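Okay, structure first, notes after.
Taken together, the values in this text are just the output of simple stated rules run on the coordinates, not laboratory data. This structure is a prediction, so every number in the text was calculated from the model and none was measured. All Cβ positions, even for glycine, are placed from backbone atoms using ideal geometry, and neighbour counts span all protein chains on display.
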Amino acid sequence: MQKERVVLNVTQILKTPGSGRQFVDALEQAGLLRTIRAEAGCLQYEFFTSLDDPGKLILVERWTDEEALAAHAASGHMEKFAAIKADYVADTDLVKFIL
């Protein structure tokens, strides 16, 4: 039996509208996106900009299962992610889907 896949839609409310590219660039420069995308169970980890609101940046995460997502959340590099995020993001709204 196949495990249930997990999808997260994470809306980042930016401190400065239009700063989403700088946020993603900072994550890339720190090597975090490459590291996260290489994690076991990561199927997608991709940012999208809102066409209607330059103050929103959308992150779509797809994971093979809950265990992969839990390992990702507990990984040491997520502290570095949180520190960079704190510079750019005022608030976060997360919606989780189990497929």
Report, in degrees rounded to the nearest 10, the 0 to 90 angle that the Cα long axis of helix 77-88 makes with the longest principal axis of the chain. 30 degrees
Which FRET efficiency value, to the nearest 0.05, do you get for residue 75 and residue 53 by plugging their Cβ-Cβ distance into 1/(1 + (r/R0)^6) with R0 = 30 Å? 0.50
Mind sorting out which of (i) 13.5, 45; (ii) 15.5, 51; (iii) 16.5, 57 is the real Rg and Dmax of the Cα atoms in Å computed from the coordinates? (i)
Report the gain in length on full extension from residue 93 to residue 37: 0.36 nm times residue separation, minus Cα-Cα distance, nm rounded to one decimal. 18.0 nm
For the chain, calculated [θ]222 nm from helices alone, where every DSSP H run of n ≥ 4 adds -39500 (n - 2.57): -10500 deg cm²/dmol
Per its Cα gyration tensor (rounded if a/c is under 1.5, else prolate when a/b beats b/c, else oblate), the stretch 18-72 is best filed as oblate
Scoring the chain by relative contact order with C-alpha pairs under 8 Å, at least six apart, yields a percentage of 48 percent
